[in-house]
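So the structure is just underneath, and the comments pick up after that.
The values are calculated or read from the model by the stated rules, or taken from the named source; none is laboratory data. Everything numeric in this text was worked out from a predicted model, so none of it was measured. Neighbour counts run over all protein chains shown; Cβ positions are idealised from the backbone, glycine included.
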């Protein structure tokens with residue numbers, strides 16, 4: 001079974017992207033950072049490698065997704081409260097991100113989303129530690 005998770009994302013302007021995610025509270029591993037890439041730390045076992053587009057292209061023969069017209073994935077991360085969900089999205093929007101979908105309240109789970117400066121989709125959520133009611137439909 002996998003022990004760590006690394007997500008690789010292409011970015012147009014690495015400095016702008018680092019500034020954006022720093023505003024959201026993320027830290028970066030300087031050992032895996034240069035002019036082509038940086039390693040954003042999500043937690044002890046999950047990381048996002050932010051790769052300048054030309055460098056990203058060196059790892060695949062496929063075209064880089066046009067995030068203005070297509071979704072390649074939705075990255076989601078949890079926070080400790082409903083209020084924290086809204087705070088992260090507010091910070092994202094005032095730090096160069098754009099609005100994505102409206103907030104969704106499922107009672108036991110609350111989600112909201114934004115797009116980073118490169119158009120990647122991010123969802124922030126809080127979930128009741130007790131989980132969904134037995135009769136809940138997602």
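Scan the range 104-111 and give yes if some residue there is under 14 Å from the mean Cα position of the chain (by Cα) and either closer than 19 Å to residue 24 by Cα or touching a residue at least 24 places away in the same chain (Cβ under 8 Å) (or both), otherwise no.
Yes.
Could you pull out the residue among 98, 94 that is in contact with a helix residue (DSSP H, G or I) (Cβ under 9 Å, 6 or more places away or on another chain), loosely packed, with under 11 Cβ neighbours inside 10 Å and at pLDDT 95 or above?
Every option except 94 fails the conditions.
Residues that are surrounded by 14 or more Cβ atoms within 10 Å (Cβ to Cβ) and free of Cβ contacts under 8 Å to residues at least 24 places away in the same chain, at least 1 per element: which strands (runs of 3 or more DSSP E) completely within the range 1-44 meet that?
Once the strands (runs of 3 or more DSSP E) in the range 1-44 are filtered for at least 1 residues that are surrounded by 14 or more Cβ atoms within 10 Å (Cβ to Cβ) and free of Cβ contacts under 8 Å to residues at least 24 places away in the same chain, what remains is 27-29, 37-43.
Hey, which of the strands (runs of 3 or more DSSP E) in the range 68-138, taking only ones fully inside, have at least 3 residues that are farther than 24 Å from residue 6 by Cβ?
109-115
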